[in-house]
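Chemist: The structure that follows is given in the form of structure tokens.
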Amino acid sequence: MDSALIIEKSVVIVAVFVFTMIMAMYSTWAERKVAAYLQDRIGPNRAGWGGLLQPLADGLKLFAKEEFEPNTPNRILFFTGPAIAMSTALITSAVIPWGDKLELFGRTVILQATDIDVSILYVFGIVSIGVYGIMIGGWASNNKFSLMGAVRAASQMVSYEVAMGLSIIALLMMTGTLSLKEIAQQQSGLHWNVFYQPLSFLIFLICAFAETNRTPFDLAECESELIGGYHTEYSSMKMGFYLFAEYANMFISATIISVLFFGGYNYPGMSWVIEHWGNNAGNLLGMLALFVKLCFFIFFFMWVRWTIPRFRYDQLMHLGWKILIPLGIINIVITGIVLLRSEIFAFLGF
Amino acid sequence: MSTVLIIFYILSAITLSMAFLAVFTRNPIHSAIYLVVCMMSIGGHFLLFNSQFLAIVQIIVYAGAIMVLILYTIMLMDLNKEHEVHRPRVTRLVAIILFSLTCIILILIFINSDPVAGTIDRYDNFGEDFQSIKKLGKVLLNEYLVPFEYASILLLTAMIGAVLLSKKEKPGK
């Protein structure tokens, strides 16, 4: 492996990491602003222009807060919880294709940290490990409310992972690949998957809300019943990690929804732009297109949070197991029939 | 020593030590967490064979699904008081005998199996990517279709059985 490739990959990885952190930081600012506008308030407007320095002030405040530790026999696990939550939220971005490729300094830079064959499964694997951050943290807090929150979060995430997997299977039957890069490439020229798999998109979107523990599915930190849920006992930056991980997860979910269903970095007229303005301009515009799409979905997450009230726990389980999973299976069957229609017609003798 | 070998030794050390810790720890939750790390390091072993699919599936199925359920059950059952269950001597004896028998079978399998290095060379000679998920799917649904379907029926039966066991009897019946 030549050193130029290592440098190139390191630059891409650092860029993706920094971008994820900045997006997560400014999602907290955006959340406050969106909430403020939806509730007819102004929102943060003191730190910097329009409150743009507010995330920095928040971070500084969290660092400066008193570090409180509950009397727990599992001190190491108490520290491990937020660490797992944060790291699983950050490493998912490794397989996301931010663009096709750029030509810089005579090299072709692929705008993806790593392109593995099974990138969708990788995302699912990391998401399924993310549950441990909440479970271990909630259990090690040595507090009944934390434990209840952790148990709720775990059962919710496990239940919705099933429906999420089923919704993706229909999509994979159509695309025939597990690589996010190839899925993004196949959708060039407005052949976005959302037009072919609307039901799959709907199920995936609902499950994404449940997986990120966002309202209306934030039963894990239901204030009226559980104080703060699994992070009741956490303070200072450990609490900050949990909150930050939620926003990082939201950013990653928004990106994956855009890549899977809304064409990723593709935009109408991309091939024309590449032909007339050159490859780099076309792909930079593609990155911008992906950015716009994911910003819309982050906004959508916030919009829903401040519009729809929290579900009851039995409603949540009912929706997951009795509505979304059967819908996912029906979707798979319909997709199968449509894919094999010529064989079925031939078999029936048409 | 090549890099792969060094990584293999590190991974094996993690796998074995975590497995031993999982067995020897008194606290059931700690034991389950050690087992999670053990399962994930086995995923690393699959990656050393360049089979990304199996590595990811190992992590999703074992670390992500089964161990979450086990951890969940332990948390709900509140086994935290470290009360030692009294085990009669017969149970221990039977456990030892069963474990030794399993060991003998495993050792026999390892002795009779092809060494991995030779197998990989053979695959390379075909000029096909045997790690790819497309190839795996075709092999599963052609050569191993019957065992594959049997496995799915077995899983379905287990699932229906679990639902039936957890279902409460309707009053008046």
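The values are calculated or read from the model by the stated rules, or taken from the named source; none is laboratory data. Just so it is clear, the model here is predicted, and its values are computed rather than measured. In this analysis, Cβ positions are derived from the backbone assuming ideal geometry, glycine residues included, and neighbour counts consider all displayed protein chains. Note: accessible area is taken over every heavy atom of the protein model, side chains too, but ligands, DNA and RNA are not part of it. Shrake-Rupley method; radii C 1.70, N 1.55, O 1.52, S 1.80 Å.
Chemist: Taking the convex hull of the alpha carbon atoms in the range A:133-227, what volume per residue do you get, in Å³? Don't skip to the answer; put the middle values down first.
Modeler: Values: hull volume 9.8 nm³, N = 95.
It comes to 103 Å³ per residue, whole-number rounded.
Chemist: Now a separate question. Show me B:101-110, A:291-300, A:249-258 ranked by packing, highest mean number of other Cβ atoms within 10 Å first.
Modeler: Values: B:101-110: 9.8, A:291-300: 17.7, A:249-258: 24.6.
The most tightly packed comes first, giving A:249-258, A:291-300, B:101-110.
Chemist: Moving on. Just to verify a number: what accessible area does A:D115 come out at with the full protein assembly present, 1.4 Å probe, Å² rounded to tens?
Modeler: 80
Chemist: At a 1.4 Å probe radius, carbon and sulfur cover how many percent of the accessible area of the protein assembly as shown?
Modeler: C and S atoms contribute 71 percent here.
Chemist: Shape call for the range A:291-341 from the C-alpha gyration tensor, a ≥ b ≥ c root eigenvalues: rounded (a/c under 1.5), prolate (a/b greater than b/c) or oblate? Intermediate results must be reported in sequence, preceding the final value.
Modeler: Details: a/c = 5.19, a/b = 1.34, b/c = 3.87.
Oblate, since a/c reaches 1.5 and b/c is not below a/b.
Chemist: At 1.4 Å probe size, put A:F345, A:F105, A:F311 in order of accessible surface, largest to smallest. Walk me through the numbers before you get to the answer.
Modeler: Details: A:F345 105, A:F105 200, A:F311 65 Å².
Per-residue accessible area, sorted high to low, gives A:F105, A:F345, A:F311.
Chemist: Please identify the chymotrypsin sites (Phe, Trp or Tyr not before Pro) of the range A:42-72 that satisfy two criteria: DSSP loop assignment and at most 10 other Cβ atoms within 10 Å. Which are they? Spell out each step's value before the answer.
Modeler: Values: sites: A:W49, A:F63, A:F68; in loops: A:F68.
Here no chymotrypsin sites (Phe, Trp or Tyr not before Pro) fit, given the DSSP loop and packing criteria.
Chemist: So if I place +1 on the C-beta of Lys and Arg and -1 on the C-beta of Asp and Glu, and nothing else carries charge, what would the dipole magnitude of chain A be about its Cα centre? I want it in debye, nearest 20.
Modeler: On the way: 21 positive and 24 negative charges, 110 e Å.
The dipole magnitude comes to about 520 debye.
Chemist: From the phi angles alone, apply the Karplus equation (6.51, -1.76, 1.60; θ = phi - 60°) to the range A:137-143 and give each ³J(HN,Hα) in whole Hz, x where the residue is Gly or Pro.
Modeler: Working through the residues one at a time gives x, x, 6, 6, 5, 6, 9 Hz.
Chemist: What value, in deg cm²/dmol to 500, does the helix sum -39500 (n - 2.57) over DSSP H runs of n ≥ 4 give at 222 nm once divided by the residues of chain A?
Modeler: Numbers: 15 runs with 236 residues, N = 350.
Value at 222 nm, helices only, nearest 500: -22500 deg cm²/dmol.
Chemist: Residue by residue through A:81-89, how many Cβ atoms from other chains fall within 10 Å of the Cβ on average?
Modeler: 0
Chemist: Hey, could you pull the Cα Rg and Dmax for the range A:1-118, both in Å?
Modeler: Cα radius of gyration and Dmax of the range A:1-118 are 19.6, 59 Å respectively.
Chemist: Return the Rg/Rh ratio of the range A:191-300 with Cα-based radii and a Kirkwood Rh.
Modeler: Details: Rg = 18.1 Å, Rh = 16.0 Å.
Result for the range A:191-300 is an Rg/Rh of 1.13.
Chemist: Let me ask something else. How many times 2.2 N^0.38 Å is the alpha carbon radius of gyration of the protein assembly as shown? It would help to have the intermediate numbers written out before the result.
Modeler: Numbers: Rg = 25.1 Å, N = 523, 2.2 N^0.38 = 23.7 Å.
For the protein assembly as shown, the normalised Cα radius of gyration is 1.06.
Chemist: Further question: Give me the percent of Cα-Cα pairs in the range B:1-82 that sit more than 15 Å apart, rounded to a whole number.
Modeler: Values: 1987 of 3321 pairs.
Of all Cα-Cα pairs in the range B:1-82, 60 percent lie more than 15 Å apart.
Chemist: Is there a simple number for the mean count of other chain Cβ atoms within 10 Å of the Cβ of residues in B:32-39, and what is it?
Modeler: Values: counts 1, 7, 0, 0, 3, 0, 0, 0.
Per-residue shielding by partner chains comes out at 1.
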